[in-house]
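S.K.: Below is one structure. I have some questions about it.
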Amino acid sequence: MEKLENQIVEFKQSWHDEYLKTVAAFANSKGGTIYIGYNDSGEAIGLEKSETKKLLENLPNKIRNKLGITPFVREEIQNGKSLLNIEVPRSSFPVSYNGKFYIRAGSTTHELSGIELSSFLLEKTGDSWDELPTGVNIDQLDEVLDAESIEKFKVLARQRLPLIEQDTTKSILQKLNLVTGDGRITRACMLLFGKNPQKHFISAYSKVGRFKNNTIILDTVEVKGNLFQQLDGILEAIKKNINVMFDTSVRELSLEGVTRREIWDYPLDALREASINALVHRDYLDTSASIEVRIYDDELILSNPGKLMPPLTIEQLKEKHSGRQRNPLIAAVFYYANLIESWGSGTIKMISLCKKHNLPEPEFVERKEGLGQFAVVFHKDIFNEEELRKRGLSERQIKAVKYVKEKGKITNKEYQEISKISERTATRDLFDLVSKKIFVQVGSTGKGTNYILKTP
């Protein structure tokens, strides 16, 4: 056998009862096989026939009595050598060995503790973090819940819960499954509507920072309160630290009357969507980190603790998708509040909004170490008027860039027409745009030649 030890394979020369923790680790992970009678290199050295017979008789019962699972134990003969295979299936429930829990991490057996253990037990038992009860009884609602947030939710939920404004707070919480059977409010309830949820969950807040670079911080804001308050606070802090221009050629009707159209560095609806995703899907078990928004000159990074819930992948985020909810109660309340359109549409909406505003697609990044982290990276439009003027472009050239952003390309003749200039001047301007790495020439000569924006 020329296999190497990995997440589902382990070699042992002989059996010792301490290997029961390896059996438990396989059961708690993806399953696996322990090969007895092999050296560390996977070379068969064999067992005494009497030993094999004894293990075949005793091991299944020993494992069943000690761990509560039944593996498949069988003998294998290779080149006349007696070998033993212990095939361990994945368990649907947590398996402990001497009161401790183990999983496979690569080719090693890893003991779980702290946050890792809590996360593992929740996953195995089928419970979610937000469904668990707090120590607060439903009769204490006035003391711990923010009445204004409850009223705001009623207004937001009119469309999907038409009669909700007639309900009492207690009735609303019960309908939303935010109260347990013994009358205690859930963790989800405290996060969604609490007056001071950070008193109970110290890391359940968000941070927004404006960075010059990775070491120089120009501004930082801690956003606390319940999730509805944090959503508003995150967006206000972001707006404070990104740029806005006003398009005087377009007037929009608002509650304040006719106003100029605002053009932000990034579409606010996309930032709102990313913020909602972070608040709804973050791993609240991870008390070592908070939601973070890092704003740089050319990009905005919004990250939250917790990797994607399996089997969801980064690639699937770019298309209609579904998957397990890490915090199903929180997700449901945001859905009823009309803040989530449908399951799995948030990332698609971010992509669509960025494209509509002529921005690069946002990047979705996952870091899988430990409990993991998920981030959305928004890239700034490097071809906005402010940046173009900084790079020395004339008003004609800026007009041409705007034309290409709208039409996708421009020819020399079109450049002449939109600016009312000669062919010679247009050629010089276009050559300058290419040399400044703003345009890319497509085609070499003649009528087939056009110019497109250089990809960031």
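S.K.: Quick check on I452: is it among the aliphatic types (A, V, I, L, M) and part of a strand (DSSP E or B)? Break it down into steps so the answer makes sense when it comes.
M.R.: On the way: among the aliphatic types (A, V, I, L, M): yes; part of a strand (DSSP E or B): yes.
Yes, satisfied.
S.K.: Failed condition for D40, given (1) closer than 21 Å to E10 by Cβ; (2) at pLDDT 90 or above, with all others met?
M.R.: Of the numbered conditions (1) closer than 21 Å to E10 by Cβ; (2) at pLDDT 90 or above, the odd one out for D40 is (2).
S.K.: Can you find, within region 164-215, the residue that is surrounded by the most Cβ atoms within 10 Å (Cβ to Cβ) among those that are part of a loop (DSSP other than H, G, I, E, B) and of a type in the set (D, E, K, R)?
M.R.: In the first step, residues of region 164-215 are kept if they are part of a loop (DSSP other than H, G, I, E, B); the result is 167-168, 176-178, 180-183, 195-196, 200-205, 212-215.
Among the residues that remain, those that are also of a type in the set (D, E, K, R) are: 167, 182, 195, 212.
Values: D167: 14, D182: 8, K195: 17, K212: 10.
Only one residue fits best here, namely K195.
S.K.: Taking the condition farther than 13 Å from V144 by Cβ and either touching a Ser or Thr at 6+ places or on another chain (Cβ under 8 Å) or assigned by TED's automatic domain parsing to the domain that holds I330 (or both), does R184 pass?
M.R.: The answer is no for R184.
S.K.: For region 306-320, state whether one or more residues are in contact with an Asp or Glu (Cβ under 8 Å, 6 or more places away or on another chain), part of a loop (DSSP other than H, G, I, E, B) and not hydrophobic (A, V, I, L, M, F, W, C).
M.R.: yes
S.K.: Just need a number here: residues in region 216-236 that are assigned to a helix (DSSP H, G or I) and either touching a residue at least 24 places away in the same chain (Cβ under 8 Å) or buried (at least 21 other Cβ atoms within 10 Å of the Cβ) (or both).
M.R.: Within region 216-236, residues that are assigned to a helix (DSSP H, G or I) and either touching a residue at least 24 places away in the same chain (Cβ under 8 Å) or buried (at least 21 other Cβ atoms within 10 Å of the Cβ) (or both) number 8.
S.K.: Would you mind stating whether R160 is within 25 Å of G37 (Cβ to Cβ) and not polar (S, T, N, Q)?
M.R.: no
S.K.: On to the next question. Scanning region 370-395 for residues that are of a type in the set (A, V, I, L, M) and assigned to a loop (DSSP other than H, G, I, E, B), which turns out surrounded by the most Cβ atoms within 10 Å (Cβ to Cβ)?
M.R.: Among them, the one singled out is L393.
S.K.: Can you tell me how many residues in region 63-80 are surrounded by 14 or more Cβ atoms within 10 Å (Cβ to Cβ) and touching a residue at least 40 places away in the same chain (Cβ under 8 Å)?
M.R.: Within region 63-80, residues that are surrounded by 14 or more Cβ atoms within 10 Å (Cβ to Cβ) and touching a residue at least 40 places away in the same chain (Cβ under 8 Å) number 5.
S.K.: Take the residues in region 121-136 that are hydrophobic (A, V, I, L, M, F, W, C) and in contact with a helix residue (DSSP H, G or I) (Cβ under 7 Å, 6 or more places away or on another chain); name whichever of them is surrounded by the fewest Cβ atoms within 10 Å (Cβ to Cβ).
M.R.: L132
S.K.: So, of the residues in region 344-369 that are over 14 Å from the mean Cα position of the chain (by Cα) and in a loop (DSSP other than H, G, I, E, B), which turns out to be nearest to I291 (Cα to Cα)?
M.R.: The selected residue is E361.
The values are calculated or read from the model by the stated rules, or taken from the named source; none is laboratory data. Note that the coordinates shown come from a computational prediction; the quantities given were computed from them, not determined experimentally. We place every Cβ from the backbone using ideal geometry, glycine too, and count neighbours over all the protein chains shown.
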